[in-house]
Structure formats: C-alpha cells, structure tokens
1. Round to a whole number: what % of the accessible area of the range 60-103 belongs to carbon and sulfur, probe 1.4 Å?
2. Mind listing the long-range amide H neighbours of TYR97? Cut-off is under 5 Å, sequence gap 5 or more, other chains count too, H placed in the peptide plane at 1.01 Å from N.
3. Could you give each residue of the range 51-66 its phi-based ³J(HN,Hα) in whole Hz, using Karplus coefficients 6.51, -1.76, 1.60 with θ = phi - 60°, and x for Gly or Pro?
4. Using θ = phi - 60° and the Karplus form 6.51 cos²θ - 1.76 cosθ + 1.60, what ³J(HN,Hα) does each residue of the range 111-125 get, whole Hz, x for Gly and Pro?
5. Under a no-solvent Debye model with one identical scatterer per Cα of the range 50-175, what's log10 I(q)/I(0) at q = 0.09, 0.17, 0.18 Å⁻¹?
6. Do the alpha carbons of any pairs in LYS39/LYS85; LYS68/LYS161; LYS39/LYS218 sit beyond 21 Å of each other, and which pairs?
7. What is the sum of charges, Lys and Arg at +1 and Asp and Glu at -1, for the other residues whose Cβ falls under 15 Å from the Cβ of ASN144?
Amino acid sequence: MLIRSTPSLSLSLSLSLSHTHTHTHTHTYLIIVSPTVDKSLIFVYGESNGGMLTWSMGQDERTADMFKAMAAIISRPHHDHNIKKATKNNLPVIGIYGNQDLTIGPGNYTQDYFVSDQGYRYVAANRMHNTWARDHGCNVVNENEIAPYEYIPNRNNNNIKCHTHCSTDTDITADDNGINDNVSSAVPYSVDCRADMGHVSPDFTFDIAIDYFEKIIKGQE
C-alpha cells in the first residue's frame, strides 16, 4: 500500500504501487480503507508540503509505526525539526531534491538550514539525512561532506545522483576490474538524491521512490 501525501495535507491510500501522477501540487485524494491491506507493507510518499507531512509522520510517535519506508520529494522539515524517527523500528527514507530549487532547495553540505526565496528556513538535506542515518546505526564520518556511498536506483535517471552513509559489506560492489567503487547495491536507510531541476516533481522522482520501496519489499523475501 502507498500513502501519497500532498500539500493540501490530504492522504491517498492505494492498494498497489500504481498511481496517477500529475505535475501540480494542489490536488486532493480520497481515503480508501480496506481490510485486505497488509499493514506491514505501508509506504508513504509526499511532494513539497506533502513531503513535509511525510517527514512529520516519521517523526511523530502516533504515526511512525504505520510505515515501512518513506519518500520525501522536494521537501524537508522546518529548520527546528531536525529530529529522529519516532519508532524503534527501521524506517528507511529516500529524499529527492532539486539543485535549482529556490523554494525548498537542498542547501550545501556545510549548511545547517536552507533559506528559501520567501525567507523560510528548512533543515538542509545533508543534515536531515545525517540524522536519519545515525538513528539507524550508520557511520556518519564527516557530516560536512557528501555521503561516501553512491546509491543507484534500477529506474535511474542520468539527471540524478544519490548518496548515503549507510552501508554493509554486501553494499559494496566492484567494477569490471575488481576495483571497489563504493556503490551501494542494498537498500540503505537514508538516501539523499539531487537532480538538476527546480521545485518540480517529474515522473522519474515517483519512479525512483517506487524502485526504493520495491527493493525494501524484496529484501524481506
């Protein structure tokens, strides 16, 4: 099941990983409830203000245990909400941000927060993902640098680069020459992705989120 949150703070409950995608940030959805839903496989996805709601649900003990994983697109919490997950369970997250986004941009790797063109402050993407990685036991060696392991989605877009601090021995792969190239092949708990785009959510952002969720499901098999 996928819960898709939008800036209107409405929720969409889907009984599959399929979706109807639009390029606006003002649409609303009906809530669908079914007794056939596997409650251990509920994922949440949000764009813009909906992404802020996604982070909030992972940071709120009333909702965090509902979800298997999260995807927050072009969004992060306000600057004073760089806090941990509100569950003892693992709660993986993938964030996708626009390098040219002036509304909720990712910030650079040394900033604590990003200031929007309207003067609002948001936790810098690097800081938020460092917090999430540490809370899952990942080794954040230098919080002022790009994370050392590259995460490559199966549905990758050449326009996007994803990195993570979370790795295990099985995450590290080698190229054809046997050289360790620090590419993550497993599903890390906190992934920071950046694309050459503004405050928009092209179709590939949803595709990469779904790919992330599918990898988590397969990891249980």
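1. 47 percent
2. ILE74, CYS193, ARG194, ALA195
3. Karplus-based 3J(HN,Hα) across the range 51-66 equals x, 4, 5, 4, 4, 4, 5, x, 9, 10, 5, 6, 10, 4, 6, 6 Hz.
4. 7, 7, 8, 10, 9, 6, 5, 9, x, 7, 10, 10, 4, 4, 4
5. The Cα Debye sum returns log10 ratios of -0.25, -0.91, -1.02.
6. LYS68/LYS161
7. Here the charged neighbours net out to -2.
The values are calculated or read from the model by the stated rules, or taken from the named source; none is laboratory data. Since the model is a prediction, treat every value here as computed from it, not as a measurement. Virtual Cβ from ideal backbone geometry, glycine too; neighbours counted across all protein chains shown. Heads up: the accessible areas ignore ligands, DNA and RNA and are worked out on the full protein's heavy atoms, side chains in. Shrake-Rupley method; radii C 1.70, N 1.55, O 1.52, S 1.80 Å.
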